[in-house]
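The values are calculated or read from the model by the stated rules, or taken from the named source; none is laboratory data. Here the structure is a predicted model, which means the values were calculated and not measured. We place every Cβ from the backbone using ideal geometry, glycine too, and count neighbours over all the protein chains shown. Accessible surface areas use protein heavy atoms only, side chains included; no ligands, DNA or RNA. Shrake-Rupley method; radii C 1.70, N 1.55, O 1.52, S 1.80 Å.
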Amino acid sequence: MDNRRFFRQAMMLTLAAGLLASCSKDNNSGEPDSGINNALVAITPEVSFVTENSLSETYTPSGPVDGTENLTLYFIKGEETPPGSNMFNYGTEQIAANRPADNGDNVPENPKDPYYEPLTFEDIMYYPIDGTNIRMWGWYPKANSYSTGMATWTFDGDDDLIMASGKTGNNKMTSPLQFEFEHILTQVQFIIHAESELALNYWGNVTSISLKNENNTCSFMVAYGDNYINTGQNFKTALMLPPTGSSIMSISGSMAISNESQETLEADEAKRNSCLFGNLIVTPRLNSPLTVYVTTSKQGTVEFPVTIESHTYNAGEATRIYLNFLPGEITATLQTGNWRPVTVDDVVLGEYPYVQRGYIVISKDLLGESGAVLHENWTGATPAHIYTDKTVNTVSASFEVAETDCEDGTTFTWGEAATKCSEIGPGWRVPTAAELLLMRDCKSQLETSGALSGAYWSATEVTTVGGDDAVAVDVDADDKIKEVLAAKNDPHKVRCVRDI
């Protein structure tokens, strides 16, 4: 598998009004305060992406953030208060800066050496003209919250989090501040294989792999980070506050188990990539066991727990978990490796929405979005709504489409359609009219075993919740007339979806 991934430029955020005004006129206006030093010097940092545990033989910065993208990086700036104290007073705003994609001109001779690219701030910032120090910290992506020197991120298994240790400088420096961005989280990769036809017949396809009770929130207190800089400790292992929160991090799909040995897959990257069910990015852990929960098509919704031996999962490092399917048993072995892009499909991203793995419709992910009106994930039935309700008649950021129509294309009334979806399992529901229209537009990319054809029920009612009419969609329509307003007791097919 080629695994080419063209990352999208993250959205540039406008600086909050008054950011520079929050600094004193004496320090940032360019006007002399005491006549000691009138020089107005712009802050012009440089950045590099480094991976401490990279095993690459050629220079390819590892990870979903790999140094080849246009990135909007976020910084906080503190001014030394009082001067000479090595104590910094940080503002409450994050500062966005654009790091251009690398064109390859600055690749070093030593493939392990970092190289630096300049940053362009949306608004020029300056060192204090009196020669006092500033200190800056950088991170990506934007923190979910930032207040009084604490940044907090919440992640769900797909998110990459990188950070650059604080750097100190002033207007007398002859070289720019240089920031090295490093991964804060670790990555696990799930490779599925079996070594006998008997095992393949027993399990069928893998449909989900989950980690439970995973920490999904971590925080960084700037004051703690400053202290570690001053004492020479490694910020990556010391400055992040203990992760909190609890979440199930899961990969859903339907993937055949390869009849290959681990030795063959480890030696052949292309074959190994074709057997990769997916990746999860989680918090690092030291010499800890891990339990993975697996579901397969022939074992229904029963989660099969697989206990993995104690292992250290380092920040910035990936671990390949080989799941070997035996008749009635799954075993696991580990291999340390390099980061991969977040998704497993061999897709060069074009316009959103797009279809991933043949059955997942993506309108928004960490790389970009379609611009459609999106709703939060629903875990039960589609909420009651009418066609003009633009808060509910919307699309999920990403949703899985069932492999086949309910009961192989049997037609149902509108009420029966909702029941049939709920019988599949938790989260399965009738799509909104907006989602069904999207499925119609993407049907050539949907590779589910039962092709979409004919008219399908949506969960969307026409003019009144509880009324007699609902919206169906004719997915075979060649023109723009796709909706069919139908009486709820009319017979139509149903193709269920679930948010992921």
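Tabulated data
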{"quantity": "Cα centre as origin, Lys/Arg/Asp/Glu Cβ charges: the range 126-259 dipole, Debye", "calculated": "500"}
{"quantity": "Computed lengthening from Met87 to Leu241, 0.36 nm per intervening residue step minus Cα-Cα distance", "calculated": "53.4 nm"}
{"quantity": "Estimated FRET transfer efficiency when R0 is 30 angstrom, pair Asp408-Ala256 (beta carbons, to 0.05)", "calculated": "0.90"}
{"quantity": "Label point distance in nm, Glu269-Thr174, each placed 7 Å from Cα along Cα→Cβ", "calculated": "4.2"}
{"quantity": "Nearest-10 value in Å² for the accessible area of Val473, using the 1.4 Å probe", "calculated": "0"}
{"quantity": "Accessible-area value, Met173, 1.4 Å probe, nucleic acids and ligands omitted, Å²", "calculated": "70"}
{"quantity": "Accessible-area value, Glu263, 1.4 Å probe, nucleic acids and ligands omitted, Å²", "calculated": "130"}
{"quantity": "Protection-proxy order for peptides 382-394, 190-202, each taking the mean of Cβ atoms within 10 Å per residue, highest first", "calculated": "190-202, 382-394"}
{"quantity": "Length released on extending from Ala477 to Glu197, taking residue separation times 0.36 nm less the Cα-Cα span", "calculated": "96.5 nm"}
{"quantity": "FRET efficiency, 1/(1 + (r/R0)^6) with R0 51 Å, evaluated for Leu40 and Thr312 via beta carbons", "calculated": "0.55"}
{"quantity": "Restraint check, Lys77/Lys167; Lys212/Lys420; Lys443/Lys493, Cα-Cα greater than 19 Å", "calculated": "Lys212/Lys420"}
{"quantity": "Over the range 392-466: Rg over Rh, Cα atoms, Kirkwood Rh", "calculated": "0.93"}
{"quantity": "Relative contact order (%) - the range 363-471, alpha-carbon pairs under 8 angstrom, separation at least six", "calculated": "32"}
{"quantity": "Förster-model FRET efficiency, 45 Å R0, Asn287 and Thr391, C-beta, rounded to 0.05", "calculated": "0.40"}
{"quantity": "Simple spin-label estimate for Ala223 and Thr333 in nanometres, 7 Å along Cα-Cβ", "calculated": "5.1"}
{"quantity": "Accessible carbon and sulfur surface of the range 427-500 relative to its total accessible area, %, 1.4 Å", "calculated": "49"}
{"quantity": "Descending semi-axes in whole angstrom, ellipsoid equivalent of the range 436-475, from the Cα gyration tensor", "calculated": "25, 9, 7"}
{"quantity": "Within the accessible area of the range 109-199 (1.4 Å probe), percent carbon and sulfur", "calculated": "47"}
